[in-house]
Amino acid sequence: MIRNYFHRTLSGIFLALLFVSQVQAQNFSWEKSVVLIDVKRKQYDYFQPWTTPMQNQQKCGVVIGKGEILTTAEGLSERVVLRVQKEGRGKWFAGEVLWVDYYANLAVVGAPDEDFWKPLKPVGLMVPSKPEGPMQIARWRSGKLERRLAEFNQFAVEDGKLSYVQHLQIEVSSEIAGAGWSEPLVAGEKLVGLVSSQNGNVCKVIPAGFVDSILKERTRGKYRGLGYFDFVWQTAENPSTLNYLKVQGDERGVIVTETKPGTNSNLGALKPKDVILEIDSFTIDSTGDYKDPDYGFLNLEFLATRSRWAGDIVKMKIIRDGQPMTVNYTVPKVDFEANLVPDSIFDQPPEYFIAGGLVFQPLSNMYLRSWGADWRRRAPFRLNYYNNQQPTKERSSLVLLSQVLPDPFNLGYQEYRFLVIDEINGQKITDLESVKNSFNNPHNGFHIIKLMKGDNLQKIVLDAAETDKTTQRVLGRYGIDKPFVIVPEKELVEANK
């Protein structure tokens with residue numbers, strides 16, 4: 001009986017808090033702050049890179065200042081038309097992207113027409129993003145602002161939606177369906193964050209505190225982009241391992257197992273077998289967590305983005321060969337192109353080169369994602385294997401024979417695909433520009449294509465005198481406009497900044 005009374009009392013308190021929150025939200029009138037964004041964009045097919053299907057996507061945005069709408073960056077790449085709509089209905093206004101950071105999955109959108117901004121109102125950001133009391137997820141549906149309750153689960157440090165940067169995220173549960181397109185998570189009059197993904201009833205939210213730190217740096221003109229920790233570590237929960245590394249006392253810290261080659265700014269800062277005890281004066285426990293003053297216990301990876309930016313120096317207390325010392329670690333800039341297999345490519349068409357019906361493409365995760373949501377399991381194992389390899393001076397990236405467009409000229413090779421190229425006509429292949437150049441230098445009247453060791457097929461030989469003629473015939477037969485699309489390296493770098 002006492003238990004039932006206690007349960008009813010708690011339920012009454014929760015309903016009272018919910019009522020207060022709903023009244024606050026209604027008084028604030030979120031209808032004047034949440035807008036709808038419509039994007040028409042190119043949706044490339046990496047299996048047929050010469051085709052350019054179009055896609056329409058609608059998402060939410062939140063007015064955060066004069067002439068500025070905050071939204072996620074997802075869906076803005078290769079945009080052709082961008083429109084914005086207020087109050088869930090009526091006229092669509094031309095929009096423009098004022099700023100975008102695909103690594104952080106954030107963007108700021110504007111609208112040149114002054115009439116659009118009447119009578120919209122900017123909202124405040126909850127900083128730090130510590131959800132207290134009932135929260136709601138809001139979005140426009142059929143001309144009405146839909147609000148669904150959201151329940152706080154936890155703070156987590158995980159990969160972002162569009163990159164491998166691990167940053168703070170909020171996990172909430174909600175009965176809303178089809179979310180993940182920048183729907184605002186609100187509490188009273190404050191924006192708690194933007195919903196970036198949904199799996200079942202669990203939504204991942206980019207916290208307003210993380211957003212605020214980036215926007216402030218952008219306003220100052222000092223935003224250098226996100227950084228990350230480029231070393232691999234493991235927990236230090238095994239006393240025998242710590243004894244071997246000459247760490248005295250209680251279990252603490254994490255053990256560096258691998259450092260990334262080629263990061264000259266950190267050459268020697270950290271070495272394998274180093275034990276990291278502190279980062280930025282935060283004590284690291286044996287599970288790899290530290291106690292954050294705002295969010296409680298979090299994974300140490302968050303310290304690379306907790307008010308830190310690419311190029312910042314982080315002080316780390318470590319033990320190396322039993323000796324305590326302090327090292328200066330420079331936070332490296334996140335760069336999709338720095339990996340052997342680039343993680344993502346935005347605002348650029350897929351590259352390809354066709355010769356004699358053979359289709360060459362750069363190996364990237366964008367290509368591998370063509371196998372669907374479960375691409376890490378479904379894509380060819382040998383291609384996935386290269387994801388774990390580091391670039392070298394000799395080979396900074398990879399090119400594969402993705403398919404062969406059948407023609408009498410390439411009879412016998414038409415079934416081969418997904419094979420990584422080693423060299424063509426004696427030239428090492430690292431990108432499509434080297435592929436193009438190598439085909440200008442046949443070897444004794446033949447094009448000799450050598451594949452990476454480990455594949456059943458090791459060599460492809462083409463008659464150089466017939467290759468160009470065959471290429472034109474294949475283009476006409478399959479309705480392909482161009483024999484190649486190669487983006488200059490400078491443009492690729494600029495696109496991913």
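No lab work stands behind these numbers, since they all come straight from the coordinates. Model, not experiment: these values are computed from the prediction. Because the Cβ atoms are built from the backbone with ideal geometry, glycine has one as well, and the counts that use them run over all protein chains shown.
Is the stretch 399-452 rounded, prolate or oblate when judged by the Cα gyration tensor, a ≥ b ≥ c being the square roots of its eigenvalues, rounded requiring a/c under 1.5 and prolate requiring a/b larger than b/c?
Because a/c hits 1.5 or more and a/b fails to exceed b/c, the stretch 399-452 counts as oblate.
Can you give the Rg to Rh ratio for the stretch 276-358, taking only C-alpha atoms and Rh from Kirkwood?
Working: Rg = 19.4 Å, Rh = 16.0 Å.
Taking Rg over the Kirkwood Rh, I get 1.21.
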Amide H proximity to Asp292 below 5 Å, modelled H, separation 5+ or other chain, gives Phe297, Leu298
Computed over the stretch 158-279, the convex hull of the Cα set has an average projected area, in nm², of 11.5
A correct Karplus calculation of ³J(HN,Hα) over the stretch 193-201, with 6.51 cos²θ - 1.76 cosθ + 1.60, θ = phi - 60°, whole Hz and x for Gly and Pro, returns x, 10, 6, 10, 7, 9, 9, x, 9
Relative contact order as a percentage, the chain, C-alpha pairs under 8 Å and 6+ apart, gives 10
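With the cut-off at 1.5 for a/c, could you classify the stretch 429-475 from its C-alpha gyration tensor as rounded, prolate or oblate?
Numbers: a/c = 1.67, a/b = 1.45, b/c = 1.15.
It is prolate, given that a/c is not under 1.5 and a/b is the larger ratio.
Return an integer: the convex hull volume of the alpha-carbon atoms of the stretch 231-330, in Å³ per residue.
On the way: hull volume 9.0 nm³, N = 100.
Expressed per residue, the convex hull around the Cα atoms of the stretch 231-330 is 90 Å³.
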The set of residues whose placed amide H lies less than 5 Å from the amide H of Lys333, leaving out same-chain residues fewer than 5 positions away, is Gly311
Here, Glu151 and Gln57, labelled 7 Å along Cα→Cβ, have an inter-label distance in nm of 3.1
Note: the stretch 337-495, point scatterers on Cα, Debye, no solvent; log10 I/I(0) at q = 0.15 Å⁻¹ equals -0.82
Residue separation between Gln248 and Trp375 times 0.36 nm, minus their alpha-carbon distance, gives in nm 41.3 nm
With bins of 10 Å, the percent of all Cα-Cα pairs of the stretch 268-312 per bin from 0 is 24, 53, 22, 1
Unit-weight point scatterers at every alpha-carbon of the chain, Debye formula, q = 0.06 1/Å: log10 I(q)/I(0) is -0.36
For Lys32, the lysines lying under 27 Å Cα to Cα, once residues fewer than eight places off in the same chain are dropped, come out as Lys40, Lys59, Lys66, Lys86, Lys91, Lys118, Lys121, Lys130, Lys144, Lys190, Lys204, Lys216
Applying the gyration tensor rule to the Cα atoms of the stretch 28-223 (axes a ≥ b ≥ c; rounded if a/c under 1.5, else prolate if a/b exceeds b/c, else oblate), the class is rounded
